[in-house]
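What follows is a single structure, written as structure tokens, with notes after it.
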Amino acid sequence: LESGNAVYQALLKSGVDAHVFDFDVDTLNQLIQQEFDRVFIALHGRGGEDGTIQGALDSIGLPYTGSGVLGSALAMDKIRSKAIWRHFGLPAPEAVELEPQTNWSAVVEKLGLPIMVKPVNEGSSIGASKVTQENDLEPAFHQARQFDQRVMAESLVEGGEYTVPILNDTVLPLIKLETAR
């Protein structure tokens, strides 16, 4: 909501005739009836970044910002996006997909400690846990599983979190992401 409001205020300040929608079942009907030109998507996580809203907007022929359905879905799936990065020679931390019957000791042996455990198809911090002891790995798995049936563990990478916007072939300024936790 904060992102959406910031975008909305910036559009108004720039003289754009903008309107705000908090997406729900009736939003598509409103977008069709009011004959908008395009949508600036400012939704985070599942539903907003995973191709769902993009597919709905494609179905009514309304242009939108950001990646399309396939790009969004692949980027949201941390396991698949990691496979794509590796295919193109980009470095990515080691990871394994976890199951209820996972051998937790084998995961620690493969990845080392500390480990990040997270839902495969959620935003960067939703349901994520930093695990520093092997006996915390299974509880972290169950916590992440509350948000997605697919859960992964990956080697922890220390450092800042950044978003790099790219518009066609132009790399825009980096944005550093920070949370209170």
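Taking the Cα centre of the range 1-147 as the origin and placing charges on Cβ (Lys, Arg +1; Asp, Glu -1), which of Leu70, Pro93, Leu28 is farthest toward the positive end of the dipole?
Pro93
For the range 98-181, what's the relative contact order in percent, using C-alpha pairs closer than 8 Å and at least 6 residues apart? Provide the component values of the computation, followed by the final result.
Values: 125 pairs, mean separation 23.2, N = 84.
Taking the mean separation of contacting Cα pairs over the length of the range 98-181, I get 28 percent.
Near the amide H of Tyr64, under 5 Å away, which other amide H atoms are found, from residues 5 or more places off or on another chain, if H is placed in the peptide plane?
Amide H neighbours of Tyr64: Val39.
Which aspartates and glutamates, on any chain, are close to Lys118 with Cα under 15 Å apart, when same-chain ones fewer than 8 places away are left out?
Excluding near neighbours in sequence, the set is Asp77, Glu94, Glu97, Glu99, Asp136, Glu138, Asp148, Glu154.
Under the 0.36 nm per residue contour assumption, what length would be gained going from the current alpha-carbon distance of Lys130 and Arg46 to full extension? Spell out each step's value before the answer.
Working: separation 84, 0.36 × 84 = 30.24 nm, distance 2.14 nm.
Contour length minus the Cα-Cα distance gives 28.1 nm.
Could you rank the peptides 53-61, 149-157 by their average count of other C-beta atoms within 10 Å per residue, with the highest value first?
Going from most to least packed, we get 149-157, 53-61.
Which order do you get for Lys13, Lys130, Lys82 if you rank them by accessible area with a 1.4 Å probe, largest at the top?
Sorted by accessible area, descending: Lys13, Lys130, Lys82.
Would you work out the relative contact order for the chain, in percent, from Cα pairs under 8 angstrom that are 6 or more residues apart? Could the numbers behind the result be given before it?
Values: 236 pairs, mean separation 27.0, N = 181.
Dividing the mean separation by the residue count of the chain yields 15 percent.
At a probe radius of 1.4 Å, what is the per-residue accessible area of His142, in Å² to the nearest 10?
His142 exposes around 90 Å² with every protein chain in place.
Could you tell me which of Ile175, Gly127, Gly45 has its Cα farthest along the dipole of the chain towards the positive end, charges placed at Cβ (Lys, Arg +1; Asp, Glu -1), taken about the Cα centre?
Value: Ile175.
Roughly what % of DSSP beta bridges within the chain run antiparallel, to the nearest 5? List each step's numbers first, then the result.
Details: 17 of 18 bridges.
Roughly 95 percent of the DSSP beta bridges within the chain come out antiparallel.
Radius of gyration and Dmax for the range 1-143's Cα atoms, expressed in Å?
Final numbers for Rg and Dmax: 19.4, 58 Å.
After finding the eigenvalues of the alpha carbon gyration tensor for the range 52-114, what semi-axes result from the square roots of 5 times each, listed largest first in whole Å?
34, 15, 8
Given a 1.4 Å probe and the protein chains all in place, what does the accessible area of Arg80 round to, in Å² to the nearest 10?
The accessible area comes out at roughly 130 Å².
Leaving out ligands, DNA and RNA, and with a 1.4 Å probe, what % of the accessible surface on the range 24-181 is carbon or sulfur?
Details: 5320 of 10010 Å².
That fraction is 53 percent.
Given a 1.4 Å probe and the protein chains all in place, what does the accessible area of Phe88 round to, in Å² to the nearest 10?
150
So which of Lys110/Lys176; Lys13/Lys78; Lys13/Lys82; Lys13/Lys130 end up more than 32 Å apart by C-alpha?
Lys13/Lys78; Lys13/Lys82; Lys13/Lys130
The values are calculated or read from the model by the stated rules, or taken from the named source; none is laboratory data. The shown structure was predicted, so the numbers you read here are calculated from the model rather than taken from an experiment. Ideal geometry is used to build each Cβ from the backbone, glycine not excepted, and the neighbour counts take in all protein chains shown. Surface areas here come from the heavy atoms of the whole protein model, side chains and all, with no ligands, DNA or RNA. Shrake-Rupley method; radii C 1.70, N 1.55, O 1.52, S 1.80 Å.
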